[in-house]
Structure formats: C-alpha cells, structure tokens
Amino acid sequence: MKLLYVTCLREDEHVAAGLFKKAQIDVFSASQTTGYKVHHAIGAGAGATEEQNGEMDKFDSMFLFSFTTAAKATAVLSLAKKHNFNQRPVYPIRVFIVPVESTSY
C-alpha cells in the first residue's frame, strides 16, 4: 500500500483530480491550503531578515491524497509528469509516493 500525495494550485484541482480518475483511484481526499514562495534578493543568504530576503508570494493550493496500490500511484506519477511536460506550467503538479508500513485495517 502507498500514500499518494499530490499538490497543485487551486485552479488546477480539476486537473489533479482527473489524474486520480484516469488511474482508476475512486476514493481520495482533498484539502485546501496556502502555499508560499519567497523570492530571494540578490546577495541575501541564510540569516538575512525578511526585508533582505525579498518578497513572499502566497498561493491558494490543494493537497489531494489517497491510500492506494503501488501500480495506481505510479500511474498518477506518470500522468502528472506527462501533463507537466506537455503544459509546462509555472507551478507544476507535484506527486509524492510514500510507502505505508502498517495500517489499522
């Protein structure tokens, strides 16, 4: 069993959910979150103050996740890579597959 974890911008939620559908994952969950990206100013390094580090962008983002088989998780990963390659989005859909060592059911 695998934990399939997908992150995307809120406006790409339908695309990410479509990946689950194409991989025949019928049960998954979604959660809204806020993503941040700091644009570092030239010359700012570790220990620099927020003003020195530059601006911070904030994004409406989504987490989609499911406990599923390795084959289905790998299918979503492959579909996401294909989507990101073809669409070249500024903020690509990201997929993570995590092994589940044990479960209560």
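Computed quantities for the displayed model
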quantity: Cβ-based exposure ranking for 36, 105, in which fewest neighbours within 10 Å come first; calculated: 105, 36
quantity: Ascending count of other beta-carbon atoms within 10 Å, so fewest first, for 90, 38; calculated: 90, 38
quantity: Fluctuation leader among 65, 20, 85 - the chain, Gaussian network, Cα springs under 10 angstrom; calculated: 85
quantity: Stretchable slack from residue 1 to residue 30, in nm (0.36 nm times residue separation minus alpha-carbon distance); calculated: 8.5 nm
quantity: Neighbour net charge for residue 60 - beta-carbon separation under 15 angstrom, K R +1, D E -1; calculated: -1
quantity: Segment residue 87-residue 59, extension gain: residue separation times 0.36 nm, minus the distance between their alpha carbons; calculated: 8.1 nm
quantity: Sites residue 71 and residue 38, calculated FRET efficiency, Cβ-Cβ separation with R0 41 Å, nearest 0.05; calculated: 0.65
quantity: Test item: Cα-centred dipole of the chain, Lys/Arg +1 and Asp/Glu -1 on Cβ, debye; calculated: 600
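A short reminder: the numbers here are calculations on the coordinates, not readings from a lab. If you're wondering where the values come from, they're calculated on a predicted model, not measured in any experiment. Counting neighbours? That spans all protein chains shown, and the Cβs are built from the backbone with ideal geometry, glycine included.
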